[in-house]
Structure formats: structure tokens, C-alpha cells
Amino acid sequence: MLDRALFLIAEGFRNLLRHKLTVFAAVFSVFLTMIIIGSLFIVGKNTNKLIYYLRTKYKIEVFFEADLAKEEALDVVKQIESFPGVRNTTFIDKENATKIFKKQFGENILDYIQRNPLPMSCVINLNRTGDYELDIMPIVTRIESLSGIDNIEHQGKLIQRIEGFHNRFTTIFSVVSIGIILITISIISNTIKLTIYAKKDLIQDLHIIGATNAFVKVPFLIEGILQGFIGSFIAFLVLSLFLQIGNNILTQFSSMTIRMDPAAASWMLLIGISISFIGSLRALARFLP
């Protein structure tokens, strides 16, 4: 049993050396596929982090009516804090509004106007604990229903644009990845078919001496798995190298870095091997049912 297993594995390795041109085509196809999919993984992962960071910065600014008492405004703030989706609030009274104005514009507005015209306001930070799309309009609608509210400023349009872009990217990522994988499976299948054609006489001889289809198929499956492994491994090394070079350039201009998921190598190898394995099975099912 062990001798048979070693023979089948060795035959799979020998197939790589015997059919260099077709093997190169298959490995190069897997390499290109995993370069594209790996790049999309990196872009998607970093885009998700950016989207999540932006989501944590979303806020709503509420301005109270000028004649509203401070105690009444604080009561409204307490009601807002109880709304689902609100993480915390920051109340800004007239005195603090004056300090903020002076900090931003360098002048004290009370030097020109005796009565403080700046309204009391409240900054509302939203609760972000998941990756789901953020919809602030229900919160805005509930705030509008409260008494004493003069104006509400929020980033609804910006949020919708960012979320819409993120959703479109996710859809395009999925479609492109599936399309590339299907094309690569077809290429792998065709290369294995060429290998089977080249060894058809040997396959017939094996059948004559009693070899089963399973025994004949195994070396081709091993060959496909090796093609997927080699192509994926080279793609991971190339992506890692380009990522390091890109980050070295990027750090000269900003503190941002592009990161690769620690599990990216495992995923790339798994996907590459799976693509080659499926392509090999597809070819073998056609000629060795």
C-alpha cells in the first residue's frame, strides 16, 4: 500500500517535469489568477478598515432654539442619549460655544456683540459595533420630532455615497473573482486533457494489466494540486514583495500602510489548490469516467 502511494505521488511529480510547456501554462494561469484575487483581497480588507473607521466618525449636530432654557436643552439631550444607535452625546452651552468660536476664528464674539448669539448645541456620536450599513435617518427623524430643536446637521449624503461605493465594490469583487476562477478552472482542465492525450497509450496499457480508473486518475490529480500550490505560492511571494515596496514608498508621504491579512497565504494556497483540483477532476471526468 505504501509503495503504491509513493509511486502515485512520484508519478504526479514526474508529470510536472515531462510536460513543461503545459505545466507552465497551468502554473502561470494560477499565478495570474491568485495575483488578481490576492490584490482584490488586500484592497477589500483595507477598504473595509477604512469604511469602518469612517463609520466611527459619523456624527450628528443638533442646534437648539435660541430661547430654549439650558435645563430644557439638557432634558432633550437625555432623550437623545436613550435612542438606539446613539453611543454618546456632547452638550455645548453658550459659554463653550463662545470658546469654540474664539479658538476657530481667533476673536471673541462678545467683544463686538453684547448678547451671545451663538446657540446651544449637541454633538451626537453614533454606535458602531458591526460591519452592517449605517442608516442615520431614523435617528434624525426621531430628533426632529423633539421640541426645542432649531436645526440638525448630519452627514447623511456622504454616508450614503460611502456605503454605496463599498457595496458596489463588494459586488464587483465577488463577480470578478468568480469569473476569473471559472476561466482558470477551464485552463487547468485543458492542460490536464493535453497530458492525458500525451499518455493515452500508457493509460491503455495500465487498464490492460488491471489498473483501476482511480489508480490512473491519482497522478493527474496530484499534478493539478502541485500546479495550484506552485502558482499560488509564487503569487503570494510576489504580492508580499510589491506590498513591502509600496509601503516603503507610502511611508515617505504619510503614516498609512497597506496591510495583508495574516491568513492571506493560507487562503491563497487553498483557493489555488482548489481551482487546480476542480480543473483536474473536470478533465478526468471527461476522459476517465
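Observations, loosely collected:
- Anisotropy class assigned to the stretch 59-154 is prolate, per the alpha carbon gyration tensor with a/c at or over the 1.5 cut-off and a/b larger than b/c.
- Loop chymotrypsin sites (Phe, Trp or Tyr not before Pro), the stretch 246-287 (other Cβ atoms within 10 Å of the site Cβ: 15 or fewer; DSSP): F253
- Compared with the alpha-carbon gap, the fully stretched path from R18 to T170 is longer by 50.6 nm at 0.36 nm per residue.
- The calculated FRET efficiency for the pair K103 and S274, based on their C-beta separation and a Förster distance of 45 Å, comes to about 0.20.
- Pairs over the 21 Å Cα-Cα cut-off, from the set K49/K78; K94/K157; K78/K103; K193/K217; K70/K94: K49/K78; K94/K157; K78/K103.
- Rh (Kirkwood; distinct C-alpha pairs) - the stretch 216-289, Å: 14.2
- Relative contact order of the stretch 59-154, taken over Cα pairs closer than 8 Å and 6 or more residues apart, is 49 percent.
- Length gained on full extension, K59 to L6: 12.7 nm, using 0.36 nm per residue less the C-alpha separation.
- Put the Cα centre of the stretch 58-91 next to the Cα centre of the stretch 150-199 and the gap is 42 Å.
Each value in this text was obtained by applying a stated rule to the coordinates, not by laboratory testing. A quick note: this is a predicted structure, and the numbers were derived from the prediction, not measured. Glycine also receives a Cβ, built like all others from the backbone with ideal geometry; neighbour counts cover every protein chain displayed.
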